[in-house]
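Undergrad: After the structure tokens below, expect a handful of questions from me.
The values are calculated or read from the model by the stated rules, or taken from the named source; none is laboratory data. What you are looking at is a predicted structure, and each value in this text was computed from that prediction instead of being measured. Please note: Cβ atoms are built from the backbone with ideal geometry, for glycine as well, and neighbour counts cover all protein chains shown. In case anyone asks, the SASA skips ligands and DNA or RNA and just uses the protein heavy atoms, side chains included. Shrake-Rupley method; radii C 1.70, N 1.55, O 1.52, S 1.80 Å.
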Amino acid sequence: MYVPPQLDHILIQAEQIRKRIEVLGDTITRDYTSSEAPLTCVVVLRGSILFAADLLRQLALPVRLVTIRASSYGAGTSSSGQVTVTPSEPVDFSHSPVLLIDDILDTGRTLQHLRQWAVEHHADSVKSCILLDKPSRREIPVKADYVGFTVPDAFVIGYGLDLNEEFRNLPYIGVLKPEFIP
Ligand code: PRP
């Protein structure tokens, strides 16, 4: 197994992720099984790619896939300001249920904005599925409907999460050594 030297320790093993996604997939399938319209899964690039690819294969439902970029601008950290949503193509949810899929819930700004954005684009309902929840970092009081794991306020990489665009390919989630934190 590839363990980069920047890694302090593994927080969540690949097998734990796999098992948790099976449970999430079963739960989401059960919750939407009586929906008349297909479930539109909105995948927030880039960090959610691995999570979404595994989760979607666990959904025994009619599903549509939409990808978007969500960028935060403003003073201070990258999460501190206004959120801009850029879909890969024009979006109209046509009164179907929407599931937002993201890798991490931090300050809550992105999720709050995406919920509003989905409603403005005619979502019938909006729920969210987040792989990692960092409640200690929350600035906006939002909660995800489905959460993979609740994690401490550590710099996590792997399984989609990056440091300067690297390490998204790790099959597990690890904690970065303090000396590498930007
Ligand atoms: C991360 C994550 C969420 C957002 C959460 O994206 O994927 O979209 O930050 O932060 P918030 O709760 O403070 O708003 P990031 O900007 O790191 O982009 P990436 O997925 O391309 O790495």
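Undergrad: When all C-alpha to C-alpha distances in the chain are sorted into bins of 10 Å, what percent of pairs does each bin hold, rounded to whole numbers?
TA: 9, 38, 37, 14, 2, 0
Undergrad: Find me the longest stretch of the chain that has none of the exposed GluC sites (Glu not before Pro), where exposed means in a DSSP loop (not H, G, I, E or B) with at most 16 other Cβ atoms within 10 Å.
TA: 37-138
Undergrad: Taking the Cα-to-Cβ direction at Ser71 and at Gln116 and moving 7 Å from each Cα, how far apart do the two end points lie in nm?
TA: 1.9 nm
Undergrad: Return the carbon/sulfur percentage of the accessible area of the range 15-153, one whole number, probe 1.4 Å, all protein chains in place.
TA: 49 percent
Undergrad: For the chain, take the longest principal axis of its alpha carbons; what is the angle in degrees between that and the long axis of helix 109-120, to the nearest 10 within 0 to 90?
TA: 20 degrees
Undergrad: Out of the range 1-90, which chymotrypsin sites (Phe, Trp or Tyr not before Pro) are coil in DSSP terms and have no more than 13 other C-beta atoms within 10 Å? Kindly include the intermediate steps, with their values, before the conclusion.
TA: Working: sites: Tyr2, Tyr32, Phe51, Tyr73; in loops: Tyr2.
Within the range 1-90, the qualifying chymotrypsin sites (Phe, Trp or Tyr not before Pro) (loop, at most 13 other Cβ atoms within 10 Å) are Tyr2.
Undergrad: Of Ser94, Ile130, Ser34, whose Cα points farthest to the positive end of the dipole of the range 15-153 (charges on the beta-carbon: +1 Lys, Arg; -1 Asp, Glu; origin at the Cα centre)?
TA: Sorting the options by dipole projection puts first Ile130.
Undergrad: Starting from 0.36 nm per residue, how many nanometres of slack lie between Phe180 and Asp26 once their C-alpha separation is accounted for? Intermediate values should be presented prior to the final figure.
TA: On the way: separation 154, 0.36 × 154 = 55.44 nm, distance 3.74 nm.
Residue separation times 0.36 nm, minus the Cα-Cα distance, leaves 51.7 nm.
Undergrad: Tell me, what is the per residue accessible area of the chain in Å², probe radius 1.4 Å?
TA: With the other protein chains kept in place, the chain gives 51 Å² per residue.
Undergrad: Taking the Cα of Ala37, stepping 7 Å toward and past its beta carbon, and measuring to each backbone N in the range 89-115: which are under 16 Å?
TA: Under cut-off, by backbone N: 91-100, 115.
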